[in-house]
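Please read the structure below before turning to the comments.
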Amino acid sequence: MPRMLRRAAVLGATAHVASNRGQARAEQQQQQAAADASAAPPPSPPEQAPAAPAAASTDSFADLMKLKELFDAGVLTQEEFDAQKTKILAG
């Protein structure tokens, strides 16, 4: 068997074994999570207050990304970019 074919066979077999082990671990983790979830008491309802800052940070991140795209496209000058960035980060 030529050297390249042997190498491909070894790599293929190794990938197959790694894939099977990964699937087995994932199934084991799912079973463990299901067992933990059934044994744990139901969680209390989440508070609404923490959700607002997370949404605000996501919105500010999206705004900053849009601002950066405009700056990279040459629509905004450096001064305009800095002023808008400061405004977004301030709140």
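Where a number appears in this text, it was derived from the coordinates with a stated rule and is not lab data. Nothing here was measured: the structure is a model prediction, and the numbers come from that model. Cβ atoms come from the backbone with ideal geometry, glycine included; neighbour counts cover every protein chain shown.
Figures for the structure shown
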read-out	value
Under Karplus coefficients 6.51, -1.76 and 1.60, residue-wise ³J(HN,Hα) of the stretch 24-36 in Hz, glycine/proline x	5, 5, 4, 5, 5, 5, 5, 5, 5, 5, 5, 5, 5
Hits among aspartates and glutamates - C-alpha to C-alpha of residue 85 under 19 Å, sequence gap 8 or more where chains match	59, 63, 69, 72
Cut-off under 5 Å, modelled amide H: who pairs with residue 76 long-range	71
Length added when fully stretched, residue 68-residue 15, from 0.36 nm per residue minus Cα-Cα	15.0 nm
Counted charge near residue 61, where neighbours are those whose Cβ lies closer than 15 Å (Asp, Glu -1; Lys, Arg +1)	+1
